[in-house]
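Every number in this text was worked out from the coordinates using simple rules, so none of it is lab data. Note that this is a predicted model, so its numbers are computed, not measured. When we count neighbours, we look across all protein chains shown, and the Cβ atoms used for this are built from the backbone with ideal geometry, even at glycine.
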Amino acid sequence: MNVERTSFVYVTFIAAAPEKVFDAITSAEVSARYWGHANVSDWKPGSRWEHVRNGGGTVELVGRVVEHTPPSRLVLSWVGRAQETEPEAYSRVTFDVIPYDGMTKLVVTHEDLIKGSGMEQGVSKGWPIVLSSLKSYLETGRGLDVFAKPKAA
């Protein structure tokens, strides 16, 4: 069966050093502050990583560390915990952390998503607020409510 795939690329500029941005992505303690989830791994290529929700410890996403090159690049396989045994459900996330004239350019590429899947819908809504929260956290010390919903008109 041929499944149609899609990808997203998000770019944001953050007034913080690349090392701080990279650490914010890979530190369980820091990621929990702006993402609402802790990214947990030993970050060695081939190792498992888990995305653990704050306040309950539910593992919602899992995958493997494909590449770990601090402070410039992190590549992860990515799948919902319930689909962990389904190889076709996996997608791939690349974080490119680029020094940029006294700040950092963060490029997040999420590729190989099944078009029309719940994961595609989730990440297309999730990445913009997560990356905005990361930026806010690193620049002001306060992240956003990544679980906020739009107000009814």
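Among Met119, Met103, which comes first, second and so on when ranked by fewest other beta-carbon atoms within 10 Å?
The order, fewest Cβ neighbours first, is Met103, Met119.
Remark on Val66: its backbone amide H falls under 5 Å from those of Gly46, Val75, Leu76, Ser77, a criterion applied only to residues 5 or more positions apart or on other chains, H modelled at 1.01 Å from N.
Can you list which of the trypsin sites (Lys or Arg not before Pro) found in segment 96-153 are DSSP loop residues with at most 11 other C-beta atoms within 10 Å? Filter output for segment 96-153: Lys115, Arg142, Lys151.
Straight-line cross-link partners of Lys135 among the lysines, defined as a Cα under 24 Å from its Cα and at least 8 positions apart when in the same chain: Lys20, Lys105, Lys125, Lys149, Lys151. This ranking places Val146, Val93 by how few other beta-carbon atoms lie within 10 Å of each, fewest first, which gives Val146, Val93. Computed from backbone phi with θ = phi - 60° and the Karplus coefficients 6.51, -1.76 and 1.60, the 3J(HN,Hα) list for segment 69-82 is 10, x, x, 10, 7, 9, 10, 10, 7, 8, 7, x, 3, 5 Hz; x is used for glycine and proline.
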